[in-house]
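The values are calculated or read from the model by the stated rules, or taken from the named source; none is laboratory data. Please read all numbers here as calculations on a predicted model, not as lab measurements. In this analysis, Cβ positions are derived from the backbone assuming ideal geometry, glycine residues included, and neighbour counts consider all displayed protein chains. Surface accessibility is based on the protein's heavy atoms, side chains included, excluding ligands, DNA and RNA. Shrake-Rupley method; radii C 1.70, N 1.55, O 1.52, S 1.80 Å.
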Amino acid sequence: MLICAAALVSGVLNGLHRFSMAAAAYLSFNVVGIAAVLFVTPFMPTVAHAAAWGVTASGFVQLGLLMIAARRAGFDLTPLPPRITPEIRRLGRRMLPGLIGSGVTQINLTIDTIIATLLPAGSVSLMYFADRLNQLPLGVLGAAAGTTLLPVLTKHLAEDDDDGAHASQNRAIDYVLMLTLPAMAGLLVLATPIMQFLFAHGSFSLHDAALSAQSLRAYAFGLPAFVLIKVLSPAFFARGDTSTPVKIGFFTLTINLMLNLLLMKPLAHVGPPLASSLAALLNVCILSSLLIRRDALRPNGQMFTRVAQMTVASVVMALVLAGVNTLFPMPSSHITLWLGIMLLVEVPVGGLLYLLALQIMGVLDLATVLDSFKRRLARRKKKAGPAS
């Protein structure tokens, strides 16, 4: 109940273009949950009891923070007796496809898990750990882009500003690909050391982590598609069409199942992740084709050029990182320490290489970005000054 109410208030804040607290409040789930496990466990029968109470406590914290943020935004939320108004009826009609479609992703994951149980022992764990890593950029980039884009598109369309809506859509695609393409390249190259450093402990051996890295690469292959689905779907939602993305989702769900059955035997634990990635690519192709046909998406030559340049920059970064891994093979002792040092060096170096490549090709002006960041930081300090 608390988390559902928090989601509602987050929607209000997003509609008011107050995205920071709506996103940050959910961190309390982790912070309060970890604190409960560390400090409340001695007073509980088991760790599980402490973790469960931590979930409940985090619900109060999330809702409280969001309610405070809504009040500061001038939107005081007061519970009222429910009334079935025309607006509520319209909301219900538009919500229904979304309620059904929200289960498509979960059904996809369930299919992958069921297929994995038919594979050699341990396949479920190999895929699960890989999916956890893949969800990091997907959750951060995809969810953030989709959440912020929907109210922006809705505002432009309500003001009959089609050019503004198209510009916002193209800009969102540009931004997410600028971050997702290097994330995909980095995961493809560094999948093995990342999985070994994070999970090769206890019963999960280095060999198990290397196998899980193969699943991670299959997931990473579809990472841009997974993120683009979250960016393209708001173009339908903002125009009142909540059913089309759902229909496409169920179609690709069927394709995912067929691909799973085709790939499970020859590719084992790599088959289901690769099937999900291919289904996501098909989903993006259908969504973008329909949007272009409806004149709801206008990709231009400049956007295609920039995406090509980002791809080249990502490939350059990946090749350099692969060369570093070849020059410095993993030693036979102190493996965890070596992996940690290598990742600590390779990740920032790869990021700098990517930014430098973008700068050379004219995709990004680092000086302008830095100046913009400084101005934004100065504005925030100025706003916080009187309050403090």
## Note on the structure
Ratio for the range 246-325, C-alpha Rg to 2.2 N^0.38 Å, reads 1.46
### Reference-scaled alpha-carbon Rg (2.2 N^0.38 Å with N residues) for the chain
1.08
### Message
With every atom except the alpha carbons ignored, what do you get for Rg and Dmax of the range 1-88, in angstroms?
### Response
15.7, 53
### Task
Using the heavy atoms of the protein chains and a 1.4 angstrom probe, tell me the accessible area per residue for the range 156-220 in square angstrom.
40
### Query
Taking the Cβ-Cβ separation of F328 and I360 as r and a Förster radius of 30 Å, what is the calculated FRET efficiency to the nearest 0.05?
0.70
### Query
Regarding the range 201-344, what is the average projected area of its C-alpha convex hull, in nm²?
12.1
### Message
With a 1.4 Å probe and all protein chains kept in place, how do C4, C285 rank by accessible area, largest first?
### Response
C4, C285
### Message
Please list, in order along the range 203-217, the HN-Hα scalar couplings obtained from phi with the Karplus expression 6.51 cos²θ - 1.76 cosθ + 1.60 (θ = phi - 60°), rounded to whole Hz, x for Gly and Pro.
### Response
6, 8, 7, 4, 5, 4, 5, 5, 5, 5, 5, 5, 5, 4, 5
### Task
Evaluate the charge dipole of the range 1-123 about its Cα centre and quote only its size in Debye, nearest 20, assuming +1 on the Cβ of each Lys and Arg and -1 on the Cβ of each Asp and Glu.
520
### Task
Just read off the accessible area of R298 with the full protein assembly in place, 1.4 Å probe, to the nearest 10 Å².
100
### Accessible area (Å², per residue) of the range 268-377, counting only protein heavy atoms and a probe of 1.4 Å
57
### Message
As I understand it, the dipole of the chain uses +1 on the Cβ of Lys and Arg and -1 on the Cβ of Asp and Glu, about the Cα centre. Which of A51, L91, I255 lies farthest toward its positive end?
### Response
L91
### Task
Treating cross-link reach as a plain straight distance, find the aspartates and glutamates whose alpha-carbon is under 14 Å from the alpha-carbon of K374, omitting any fewer than eight places away in the same chain.
none
### Task
Please report how far the C-alpha centroid of the range 38-106 lies from that of the range 251-272, rounded to the nearest whole angstrom.
35
### Query
Considering only protein heavy atoms and a 1.4 Å probe, what is the carbon-and-sulfur percentage of the accessible area of the chain?
70
### Message
Among T41, G340, L109, whose Cα projects farthest towards the positive end of the dipole of the chain, with charges put on the beta-carbon of Lys, Arg (+1) and Asp, Glu (-1)?
### Response
T41
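Sort K265, K230, K374 by accessible area with a 1.4 Å probe, largest first.
Largest accessible area first, the residues go K265, K374, K230.
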### Query
What is the dipole size for the chain, taken about its Cα centre, with +1 at each Lys and Arg Cβ and -1 at each Asp and Glu Cβ, in debye to the nearest 20?
980
### Query
Toward the positive end of the charge dipole of the chain, about the Cα centre and with charges on Cβ (Lys, Arg +1; Asp, Glu -1), which of A210, A172, F373 goes farthest?
F373
### Task
Give the ranking of V37, V140 by solvent-accessible surface, highest area first, calculated with a 1.4 Å probe.
V140, V37
#### Entry: Size-normalised alpha-carbon gyration radius of the range 150-260, reference 2.2 N^0.38 Å
1.43
### Part-to-part distance (alpha-carbon centres) for the range 321-341 and the range 119-185, which is given in Å
32
